[in-house]
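One structure is given here, and the rest of the page talks about it.
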Amino acid sequence: MSILESIKHCVVQGHIDATSKFPKAMEGEAGVRELTEQAIAEGVDVEDILMQGLIPAMTIVGQRYEKNEIFVPEMLFSAKAMKSGLELIKPLLLDGSDLILGKVIIGTVQGDLHDIGKNLVCMMLEGAGFEIEDLGINIPAPKFLEAAKNNPEAIIGMSALLTVTMKNMKGVIELLRANDLNNKVFIGGAPVTPAFAKEIGAEGYAKNANQAVQEAKRLLNI
Ligand code: B1M
């Protein structure tokens with residue numbers, strides 16, 4: 001198995017590192033943390049670690065959850081394993097430049113606790129030179145409003161992973177506009193589509209973290 005395959009396998013299994021007690025059968029074996037460290041040390045491209053190791057693993061986790069092969073606790077271990085890899089590659093995605101292209105306020109909408117994709121979007125934006133105010137997860141509309149009031153020039157990014165929570169994006173936009181705030185808004189997350197973005201009045205949509213950078217630049221005319 002290649003190192004990227006091994007990283008993917010460990011994320012799917014939810015195996016964080018050699019000290020992890022989960023899954024029992026992998027106790028003592030290198031996990032996502034050690035393997036990601038090893039891949040970095042061997043000079044494997046960070047983009048490959050992300051696109052061929054970490055991200056496809058979560059797709060498999062989602063499929064296994066849908067088929068009832070795993071349940072929420074296992075999904076949570078996979079998310080933790082994924083995060084341990086992301087933490088290691090984050091500094092490498094940031095290029096150290098002091099240039100600030102603009103500010104992005106970002107959060108996962110109310111009712112939604114998924115933050116891996118949002119965090120990835122934050123990393124890519126930060127790496128591209130944007131200043132980020134990350135509001136976190138489960139963010140109610142008034143919190144977006146407050147942040148927008150303090151930053152009228154900033155653009156607002158919203159993430160949702162659940163079909164039931166993506167509807168809350170509309171409420172945020174309505175609240176901003178009712179308060180005469182014109183911050184441009186872009187949205188993303190697995191169930192979100194360009195058509196939905198248009199329907200709720202969001203100015204932008206991005207399918208993934210790379211597109212989020214392009215979209216933020218477009219909205220700020222960069
Ligand atoms: Co949840 N979950 N989950 N989950 N979870 C999904 C989303 C699901 C599709 C799984 C499935 O059934 N196949 C399903 C949603 C079904 C639906 O609504 N259509 C689901 C469910 C049902 C649930 C619960 C309801 C389960 C339960 O409790 N019964 C529950 C809900 C909790 C809540 O939020 N209130 C729940 C809980 C969890 C965990 C907490 C266990 C964990 C999240 C941990 C965490 O995030 N800290 C979890 C996980 C890990 C997943 C899956 C497996 C993986 C999500 C992920 O991290 N993907 C997911 C299945 C899947 O997506 N395949 C699933 C990797 C990540 C890099 O991709 O987040 O899509 P993604 O982000 C991408 C793009 O979407 C985009 O760019 C990112 C990078 O390329 N993007 C943006 C995201 N945000 C963006 C914002 C932008 C632009 C682009 O601009 C602002």
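Projecting the Cα atoms of 50, 84, 40 onto the dipole axis of the range 3-94, where Lys and Arg carry +1 and Asp and Glu carry -1 at the beta carbon, places 84 farthest toward the positive end. Bridgeable lysines around residue 90 (alpha carbons under 30 Å apart, same-chain partners fewer than 8 residues away excluded): 8, 21, 24, 80, 103, 118, 143, 149, 184, 207, 217.
Radius of gyration (Cα atoms) of the chain, expressed as a multiple of 2.2 N^0.38 Å: 1.06.
Find, among the GluC sites (Glu not before Pro) in the range 39-104, those assigned to loop by DSSP (not H, G, I, E, B) with at most 16 other beta-carbon atoms within 10 angstrom.
Answer in residue order: 42, 69.
With a cap of 14 neighbouring Cβ atoms within 10 Å, and only residues DSSP puts in a loop, list the trypsin sites (Lys or Arg not before Pro) found in the range 45-93. Here the trypsin sites (Lys or Arg not before Pro) that fit, given the DSSP loop and packing criteria, are 67. Counting only alpha carbon atoms, the long axis of helix 116-128 and the longest principal axis of the chain meet at about 70°.
Over the range 3-94, the ratio between the Cα radius of gyration and 2.2 N^0.38 Å evaluates to 1.01. Considering only 43, 201, 127, give the residue with the highest GNM mean-square fluctuation for the chain, with springs between Cα atoms whenever their separation is below 10 Å. For the chain, modelled as a Gaussian network with Cα springs under 10 Å, the answer is 43.
In the elastic network of the chain, a GNM with C-alpha springs shorter than 10 Å, the most mobile of 193, 36, 59 is 59.
In the range 136-222, what GluC sites (Glu not before Pro) fall in a loop by DSSP, with at most 16 other Cβ atoms inside 10 Å?
153
Between 84, 20, 159, where does the largest GNM mean-square fluctuation fall for the chain, given springs only between Cα atoms within less than 10 Å? In the Gaussian network model the winner is 20. Of the residues 7, 200, 60, the one with the fewest other Cβ atoms within 10 Å heads the list, and the complete ranking is 60, 200, 7.
If every alpha-carbon in the range 103-219 counts as one equal scatterer, what log10 I(q)/I(0) does Debye give at q = 0.22 1/Å? At q = 0.22 Å⁻¹ the computed log10 ratios are -1.27.
Can you give me the Cα centroid spacing of the range 183-222 and the range 1-66 in angstrom? That distance is 30 Å. Could you tell me how many degrees, from 0 to 90 and to the nearest 10, lie between the Cα long axis of helix 3-13 and the main elongation axis, the longest principal axis, of the Cα atoms of the chain? Approximately 80 degrees, to the nearest 10.
Summing +1 for each Lys or Arg and -1 for each Asp or Glu among the other residues whose beta-carbon sits under 10 angstrom from that of residue 138 gives -1. With the charge dipole of the chain set up from +1 on Lys and Arg Cβ and -1 on Asp and Glu Cβ about the Cα centre, the Cα lying farthest toward the positive end among the listed residues 30, 117, 18 is that of 117. Net charge dipole, the range 103-219: roughly 280 debye, given to the nearest 20, about the Cα centre with Cβ charges of +1 for Lys and Arg and -1 for Asp and Glu.
Bear in mind these aren't lab numbers, they're just calculated from the coordinates by the rules spelled out. All figures in this text were calculated on a predicted structure; none of them were measured in a lab. All Cβ positions, glycine included, derive from the backbone under ideal geometry; neighbour counts span all protein chains shown.
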